[in-house]
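This report concerns only the one structure given below.
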Amino acid sequence: MIEKLYQFKPDILYCGDNLDVLQFFPDECVDLIYIDPPFFSGKNYDIVFGDEWALQAFDDTFKLEKDDEESTKMEKYLNFMEVRIRELHRVLKSTGSFYLHCDYHASHYLKVLCDKIFGYNNFLNEIVWNYNRWTNVSKNFQRMHDIILFYSKTSNNIFNVLTKDKIQDKIYHTNTVKDGNKRISQLLVYNKEKFNKLDKKEVLLNKYDKVVYVEKKIALDDVWNIPILNSQAKERLGYPTQKPESLLERIIKASSNEGDIVLDCFAGCGTTLAVAKRLNRHFIGIDVSPIGCNLVAERIDYPVQKIMGYKTSIEKLEEMDWYAFQCWAIRSIGGRPNPKKTVDGGIDGKISAIQSTNKFDQDIPIEVKQGKNGISRPTVQKLHSVIITEKKKGGVVIGWKISNEALKYIKDIKNESGIEIIFVSIDEIVNGLNKPKKGLKSMTTLEKFLHKNID
């Protein structure tokens, strides 16, 4: 079962321990690997995104005790990293590259470990990611950088030279002036700042003037000044260790080409996957956290039910806020939730008729209810009104349970107008995710309805 669950394929998201997943990958199957593993800082937010599976996986893996010496803790951490890096080395193609994101807590230990696995001569760069942030005054210099260790598997690795933005190095201005009956040419040299302060109109309108822009392309060095994501950044998802897309864009552009496979086995909130997809690369993501995987799926528009190994629990669903619950439920049946927390007019999301040639004409509205009271007749009536207004053939309601009155109303409108409203229970979604082979009545009914309502 586990082998089938974790079979290798591109453009896929796995939920589970990355060591369990990677062992079923074939040798030399990916082109680029970037990982942002735990930093050994002792903080839980470096490890997980706040759910029981990830916390338990961390406890089982590290088995740290309160009275462990620091050297013992480091040894356990490095053992955790070594077995995973060895698997990553195995699945990396001979032309591939490996990037390991770390910080001062263990970067020097990890460098020695990677030298042993990849070979000292295959170490290419120690990239310094420099950023600014607010920090408290302390007795040492403020820490404003992370380290990214860059290795190849062989000397034949893919590398596309990146350059800094073009720089206006110097501006030469030939100015012609009168001296009695003579015209004298003067060569004036400005730097960019000084030139910008000139009255450009007067300078450029003089037909005898000539402005020459000298531009240079400079190869990118190993110190990258890229801002961290502030709390107001558009791409900010609330994930505690989220990295900016511009950082991953440099790595992916430098060490892969379109159509290559990019792997991140500590996927977090999916920055690597999102950038790889945008840059026309294939992606493979692995994360132990179901909540993290759900966030990734939403970010890259990936159906939750297609996440290999994905599981959840009733308890965790009860803890979600209404919007997170709504997104989870809709994506779990293959739908698309509304992108923002807004007044939805009776529609929380939509799902497309299967194999429809014009899926947006065949979008089926979805309504979700989180409360334990479940789906009532008024909820179904509201959805029914939307279906009629939008001239659809049916809709979907998702909840913990449904009242007898609501079921009778659904039956009546089908008999009267042929409109179908499918009820999908949360319990069945959870059972389907945790036991993929189990047949589920409401999900089967929904699938038949979506197949039937195609162009």
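Model label points for Arg377 and Glu69, set 7 angstrom from Cα along the Cα-to-Cβ axis, are 7.4 nm apart. Stretching Gln7 away from Asn79 to a fully extended chain increases their span by 23.4 nm, per 0.36 nm per residue minus the current alpha-carbon distance.
For Arg86 and Lys401, a Förster radius of 45 Å and the Cβ-Cβ distance give a FRET efficiency of 0.40, rounded to the nearest 0.05.
Between beta-carbons, use under 11 Å as the cut-off and find the net charge around Ile402, counting Lys and Arg +1, Asp and Glu -1. Value of the local net charge: +3. A full extension of the chain between Arg143 and Leu220 corresponds to an added length of 25.4 nm, given 0.36 nm per residue minus the alpha carbon distance.
Peptides 311-317, 297-303, ordered by how many other C-beta atoms sit within 10 Å of their residues on average, highest first, read 297-303, 311-317. Label-to-label distance for Thr389 and Arg236 is 3.4 nm, based on points extended 7 Å past Cα in the beta-carbon direction. Cross-linked pairs Lys93/Lys116; Lys76/Lys243; Lys350/Lys391; Lys316/Lys411; Lys217/Lys243; Lys350/Lys392: Cα-Cα separations exceed 21 Å for Lys76/Lys243; Lys316/Lys411; Lys217/Lys243.
By the count of neighbouring beta-carbon atoms within 10 Å, fewest first, Ile419, Ile388 end up ordered Ile388, Ile419. Multiplying the residue separation of Tyr120 and Lys164 by 0.36 nm and removing their Cα-Cα distance gives an extension gain of 13.0 nm. Between Tyr109 and Asn415, the distance separating the two model label sites (each 7 Å from Cα on the Cα→Cβ line) works out to 7.0 nm.
Each reported figure results from applying straightforward, stated rules to the coordinates on display, with no laboratory input. Please read all numbers here as calculations on a predicted model, not as lab measurements. No Cβ is skipped: glycine too gets one built from the backbone with ideal geometry, and neighbour counts run over all protein chains shown.
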